[in-house]
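Written below as structure tokens is the structure these notes are about.
All of the numbers you see were taken from the coordinates with simple rules; none came from a lab. The structure displayed is predicted, hence computed values, not measured ones. Reconstructed Cβ throughout: ideal geometry from the backbone, glycine too, with neighbour counts over all protein chains shown.
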Amino acid sequence: MPPLTTASSTFPPPPPNMAPPLSTTRKRLMALIVASLMMMEQLDGTALITALPAMAGDFHVDIPQTSIALTLYMLGLAALIPASGHMAERFGSRATLRCAIMLFLSGSLLCAWASSLPVLALARLVQGAGGAMMVPVGRLVILRSVPKSELLSVMAWVMLPATIGPMSGPVLGGFLTTYLSWRWIFYINIPLGLVAIALTGRFIPHFRASAPPPFDLRGNILSSTALAGLIFGMEMLTRPGFPRPLAVGLLLLAPLGGVAYVRHARGMTHPVLDLTLLRVSTFRVSVIAGGLTRIATAGVIFLIPSLLQTRFGISAAQSGLITFIAPVGALAMRFAAPGIYRGRGFRTVMCATSLVLPCICLLLALFRPGAPLVWLLVLLGLNGVGQTLLYTGYNTVAYADMAPARMSAATSLYATCQQVMLTLGICVAAGCLAFGQVALPVRWQAADYSLTFVVCGVIAIMALPVLLRLSANAGAAVSGHDGTDGKKDRP
């Protein structure tokens, strides 16, 4: 990878592939800015999930069909995230972030003005294009600027404001939907985005490659084709009204595009998605196990507001207040996570916390109207604690053994996999829900949510065998914990 230069006159020019030294205060401010971008994105997404039943009523469609507004956004992310690293290297991190935020804000306005579900879906695609560069480039700036020995504590700061998004999103979305309109969910992005643009220009270092490699346009087209076939195929297959042959054809397009991309990437020095990064064991485990956990997490997040509003007869505002408890538990765990990983190591902590989500899913499957809501609050709170601890591990150990020269490629590949799995989670949940409503006998149709929660739980537990592939001292350079077995990561 070409050496990086900095446009800031405050710091001396860094050596190749190294960021200029930053003070602790500057690192924390930078981490909070990047986290605020994540918060804006997550605030938008979680608030929108709460508003899906109201949107379905306004657009005269079924609730599962409204998930296309979530799917199209994630498709935009998955298709354009691979280009984010190249954009940051060619145009600089600060300029790329500013343009990404402006694009995200433009998509937000289009969403607020949407007159139909297809228009809203296309506007969400524009938002996704902005988000595709916004968060991955911000994460890359952190990885370039912070030594690995400080990465765990800085990532805790990064994840701190990002927790506010899921925490306030359902509440804010519920109140806006109930007392104003779901369109205000998109209007509130405007002041947040303008503040983020100003802070980015003031505190984010302007890293830029002096001689960036050529962009792999053909690879981006092939990978985007494969991802689009997978996501749209799943979307159409799980929605009523779409031709089944078209859905099957798109699903067949996904492996064909994937194989074509793999063959293309073998002959490339700088492919848009560098699959050889999966040879790094900690990165590979985080991608695979984290992908399974994200599928289940996205499914649960999609299901709970709909369950509360359709089965329990709770308003959007009330369902937002109920789901508020999960991020509260997550917020509390943010401060404890670094110390826990330092004391026990990544393997032990991540294997233990990977059991939380499957248990929560199975208990949610047993939850019925008339049951005390306090039990739901307890389950959501425990899930927030467990998932916060687990995702802190995923997002940190992925880069623990990554060479500095490959950080840009690693962030692009990791973010792409992350968004694809979140998209699949929504498709799986919506598909299982639609299947239950159509295929189950009438006397069992009330169990459609239970069936979907069980499916999410089964997917979540599949992460455990993958996490067991980590060695006891995996990521020791980041966590500061030395394993007792002394073994290296298993192949």
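Sort the following peptides by mean Cβ neighbour count (other Cβ atoms within 10 Å, averaged over residues), highest first: 375-386, 285-296, 119-130.
On the way: 375-386: 19.3, 285-296: 24.8, 119-130: 22.4.
Per-residue Cβ counts within 10 Å, averaged per peptide and sorted highest first, yield 285-296, 119-130, 375-386.
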- Task: Evaluate the distance, in nm, between pseudo-label points positioned 7 Å from the Cα of ARG263 and of VAL248 along their respective Cα→Cβ axes.
- Result: 2.4 nm
- Using 7 Å Cα-to-Cβ label points, what is the ARG368/LEU199 separation (nm, one decimal)? 4.7 nm
- Output the Cα-based Rg and Dmax of region 78-129 in Å, rounding Rg to one decimal and Dmax to a whole number. 12.6, 38
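Taking 0.36 nm per residue of separation and subtracting the Cα-Cα distance, what length does fully extending PHE435 through HIS60 add?
On the way: separation 375, 0.36 × 375 = 135.00 nm, distance 2.04 nm.
Difference between extended and current length: 133.0 nm.
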